[in-house]
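Structure first, then comments.
The values are calculated or read from the model by the stated rules, or taken from the named source; none is laboratory data. Keep in mind that what you see is a predicted model, and the values were worked out from it rather than measured. We work out accessible area using only protein heavy atoms, side chains counted, and drop any ligands, DNA or RNA first. Shrake-Rupley method; radii C 1.70, N 1.55, O 1.52, S 1.80 Å.
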Amino acid sequence: MTLIPKSHPRLNSLLIREKLVKGFDDNLVAKEGLLAHGRGEAFDYLIGEKTSKSAKESIKAAAFMLKNAKNSVISVNGNFAALCPKEIIQLAKNTNSKIEVNLFYSNEKRKKAITKILKKSGAKEIFGLNKKSSIKLLGIDSARRIVDKNGIFSADVVLVPLEDGDRTIALKKAKKKIITFDLNPLSRTAETADITIVDNVTRAMKLLVSESKKELKKSSKYNNKKNLKVSILEINKNLERRAKNA
Ligand code: ATP
Ligand code: MG
């Protein structure tokens, strides 16, 4: 780890960046994953690097949906595993969800590294590893459509953080309820998911884990389209405040 002064105004964002770089060195994170993080970081700057009111609402709705699913699956990619391995295991326990390693850029070495860190953090069963139980989703080009027959393929609710739009659309076509973390409220994934948590996954996963420990009531008011609109307006407010003080 490099030494970052504690007083640095963007300390958290730099610490997150270090985790990603370490994840890259440890073969967890793909090069493309670093770039996707950069895009996320830019949006985090715009939302003020804190969890917004609208994100808190999405987190509540997500905890309820996961806990009330028949067969929920948490999809894990390299960035997610590098940033919050412990929270992935805790969330799976609290919501009785399966864990599937599912990569946009499939790579056996990376799958092994991700499996290792998940096991080290306490995972017992991990889906997506056995080629014999892999199956293809329709409506998406070949390399990106493999899922586990006993995992995502048979799930009713799937949590897909930091996901590409094509895959989210394919999962919707397969009639899954989708929950995502995406700092960009304008992305296709953000627009396609049933619940979009517009927040940094490192902050939001901690909140989702603690929310999922509670007895929850359904929030009948939750509407993802409206919530996304509020997220965009929250960014706008931040920018107006900055413009005033500029
Ligand atoms: P889409 O394909 O959905 O239109 P995109 O092509 O712009 O989106 P991708 O690289 O496919 O982006 O997806 C990665 C997404 O993950 C981006 O929208 C990015 O903002 C988001 N992201 C990256 N890092 C984080 C993070 N730490 N927390 C939450 N979201 C993140
Ligand atoms: Mg994309």
*asked:* Would you work out the Kirkwood radius for the chain? I mean one over the mean of 1/r across all pairs of different Cα atoms, in Å.
replied: 18.3 Å
*Averaged over all directions, how much area does the convex hull of the C-alpha atoms of the range 181-246 cover when projected, in nm²?*
5.7 nm²
*So how exposed is E32, as accessible area in Å² (1.4 Å probe, rounded to 10)?*
80 Å²
*asked:* If I take all pairs of Cα atoms in the range 59-177, what percentage of them are more than 21 Å from each other?
replied: 31 percent
*Please list the non-local residues whose amide H lies under 5 Å from the amide H of F127, H modeled 1.01 Å from N, same-chain partners needing a gap of 5 or more.*
I99, E100, V101
*Considering amide H positions built from the backbone, and no H for Pro or chain starts, which residues 5 or more places from K177, or on another chain, come under 5 Å of its amide H?*
V157, V158
*Give the relative contact order (percent, whole number) for the chain; include only Cα pairs under 8 Å separated by 6+ residues.*
23 percent
*asked:* Under 25 °C and 0.890 mPa s, how fast does the range 1-139 diffuse according to Stokes-Einstein, given a Kirkwood radius computed over C-alpha pairs? Answer in µm²/s, whole number.
replied: 147 µm²/s
_Portion, in percent, of the accessible area of the chain that falls on carbon or sulfur, probe 1.4 Å_ = 55 percent
*Can you work out ³J(HN,Hα) from phi for every residue in the range 181-189, in order, using Karplus 6.51 cos²θ - 1.76 cosθ + 1.60 and θ = phi - 60°, giving whole Hz and x for Gly and Pro?*
9, 8, 5, 9, x, 9, 6, 5, 4
_Using a probe radius of 1.4 Å on heavy atoms only, what accessible surface per residue do you get for the chain? Whole Å² is fine._
56 Å²
